[in-house]
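Just so it is clear, none of the values below were taken in a lab; they were calculated from the coordinates. It should be emphasised that the depicted structure is a prediction, and the values quoted were computed from it without experimental measurement. With ideal geometry, Cβ positions are generated from the backbone for all residues, glycine too; neighbour counts draw on all protein chains shown.
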Amino acid sequence: GARDGTVDATHAVGIALVLFGAAGESTASLVGNAARLLAEQPALAARLRAEPALVPRFVEEVVRLEPPFKGHYRAVRRACTLAGAALAPGDRLFLAWASANRDAAVVEAPDELRLDRRFPKRHMGFGRGSHFCIGAHLARLEGRVVVEELLARTSDVALDPARPPAYTHSMFVRRHDRLPLVVRAAAD
């Protein structure tokens with residue numbers, strides 16, 4: 001079992017389902033949120049077209065501002081006090097990643113998308129420590145490639161004014177159900 005480092009077949013299947021499900025959700029969320037932010041901020045899209053080396057920093061800011069997962073539950077392991085609240089072993093907390101990523105005590109100008117942050121990967125968008133997302137590197141790569149290709153193949157990306165975006169109704173996932181875009185192809 002868990003204490004001796006072995007995993008039985010039932011738990012292995014459960015772990016695999018979580019990993020594959022999370023991988024699809026995180027990438028879909030990241031790509032959709034990136035496309036929406038580019039559509040809302042044409043000057044930013046133009047800057048990234050002119051300076052594609054900034055795309056990885058943009059991807060980090062997307063994950064920081066609009067993390068693919070709104071948060072996760074965690075169980076308190078030992079008695080402690082958090083922000084003046086006494087917590088006992090077994091208490092459950094919901095850790096809201098977007099809220100943590102916008103903490104003004106930690107992040108300068110937390111509500112701004114900035115490509116010049118000193119430590120662009122210092123955010124909770126992919127978790128931290130033993131709960132750090134095992135697929136974060138792949139999600140970053142996929143996000144970077146999709147954004148680079150979207151910018152390279154278009155001269156303009158905008159939201160469709162007749163059809164507003166809509167998010168999936170979920171306590172955990174921040175993903176678009178609908179993201180109608182108006183796209184103008186790049187001149188060849």
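Figures for the structure shown
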{"read-out": "Label-reachable residues, the range 116-134, where backbone N falls under 17 Å from a point 7 Å from Glu108's Cα toward its Cβ", "value": "116-123"}
{"read-out": "Residue (of Gly32, Thr10, Ala45) at the positive-pole extreme of the range 2-185, dipole from beta-carbon charges", "value": "Thr10"}
{"read-out": "Two-site FRET efficiency, Val183 against Ala136, from Cβ-Cβ distance with R₀ of 30 Å, rounded to 0.05", "value": "0.60"}
{"read-out": "Within the chain, helix-based [θ] at 222 nm, where runs of 4 or more DSSP H residues each add -39,500 (n - 2.57), nearest 500", "value": "-13000 deg cm²/dmol"}
{"read-out": "In degrees, nearest ten, helix 9-40 long axis to first principal axis of the chain (Cα)", "value": "30"}
{"read-out": "Given charges at Cβ of Lys, Arg, Asp, Glu: the range 74-137 dipole, positive-most of Phe126, Ala75, Ala96", "value": "Ala75"}
{"read-out": "Helix 136-153 axis, angle to the chain major axis (alpha carbon atoms, nearest 10°)", "value": "10"}
